[in-house]
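Please treat every number below as a calculation from the coordinates, not as lab data. Here the structure is a predicted model, which means the values were calculated and not measured. Ideal geometry is used to build each Cβ from the backbone, glycine not excepted, and the neighbour counts take in all protein chains shown.
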Amino acid sequence: MDKQTIIVTGGSRGIGRAIVDRMLADGFNVATCGRGLRPEDLDEAVLWVQADVSISSDAEFLLKAANEEFGPVDVLVNNAGVQVEKSVLDSNDADWDLVMNINCRGVFNMCRAALPDMVQRGGNIINIGSISGMVSDPSMALYNASKAFVHGLTRSIAVDHGPKVRCNAIRPGWIMTEMAEDGFALARDPEKAMADALARHPVGRFGEPRDISNMVSWLASDQSSYVSGECFTVDGGMTAASPLNPGLF
Ligand code: NDP
């Protein structure tokens, strides 16, 4: 069987890199991007494109580069994202532009660039949302809202562009990457905040990037062919808990 081709945005580090490595291991041609130069430790089989997904011409360029190198794109993973840790009261215009342009417009740009071909040939889009788009993390107003957008767009694409295109989202919980570390660093007492968060994980540990890449691998495969328009929480059970304090029962 011909190799399938996947684009993973934001593969320079963190969750995106784990997805890149997993999809390579699964036998895909892999293209990825970031705003900087090709990371030195990226597998040489991976096509690196310097591209900012918030710019529509960059998104189109990324698609074109993948097409030229590998042929049509079968799977698109919208992983690139940024977070700003502020309430509405503290957020300024630059915060809005940064978060919304990357987390919302970036996903939209990539989907719009990939869909014309996908609606003809078939395709599969996997968006990385967040539990923060479902339950609000404190002082993350724009980030929380941007991820709710991702979940909503996921359902719309599934409804509008099936049966040729499947579209699903993953809602990660606390996955240990630079982004998660930055989040904890802002707590009044980071060590206490981490211990408290850990105690709220029924599985007894924080997430690792591979926990998300495992889910991407399944969603990208035919084993999930009956699944579309869904958002999957992968958070070690953290948001399954009732808000009641278990210490009082
Ligand atoms: P990191 O900050 O570790 O990595 C983000 C990646 O996105 C980098 O490769 C970065 O590369 C890339 N990126 C950022 N902006 C752009 C852009 N405009 N164009 C292209 N690439 C870009 O984050 P994580 O790996 O932790 O997060 C990945 C995704 O998972 C994000 O969407 C995040 O919101 C989501 N998530 C993460 C959670 C966690 O606990 N870590 C929890 C829930 C969701 P560069 O900076 O070089 O451009």
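Some observations on this one:
- Filtering region 117-147 to residues that are assigned to a helix (DSSP H, G or I), charged (D, E, K, R) and either touching a Cys at 6+ places or on another chain (Cβ under 6 Å) or surrounded by fewer than 24 Cβ atoms within 10 Å (Cβ to Cβ) (or both) leaves ASP117, ARG121.
- Sole exception among (1) under 21 Å from LYS3 (Cβ atoms); (2) in contact with a Leu (Cβ under 9 Å, 6 or more places away or on another chain) for LEU62, by number: (2)
- Residue pairs meeting the criteria (Cβ under 6 Å; at least 6 apart or on separate chains; first of a type in the set (Gly, Ala, Ser), in region 200-222; second within 14 Å of the ligand (Cβ to nearest atom) and assigned to a helix (DSSP H, G or I)): SER213/ALA18; SER213/ILE19; SER213/ARG22; SER217/ARG22
- Unmet requirement for THR177, which otherwise passes all of (1) surrounded by 11 or more Cβ atoms within 10 Å (Cβ to Cβ); (2) over 21 Å from the mean Cα position of the chain (by Cα): (2)
- For SER228: the one exception among (1) under 18 Å from VAL107 (Cα atoms); (2) within 11 Å of the ligand (Cβ to nearest atom); (3) hydroxyl-bearing (Ser, Thr, Tyr): (2)
- The set of residues in region 148-184 that are part of a helix (DSSP H, G or I), more than 10 Å from the ligand (Cβ to nearest atom) and among the β-branched types (Val, Ile, Thr) comprises THR154, ILE157, VAL159.
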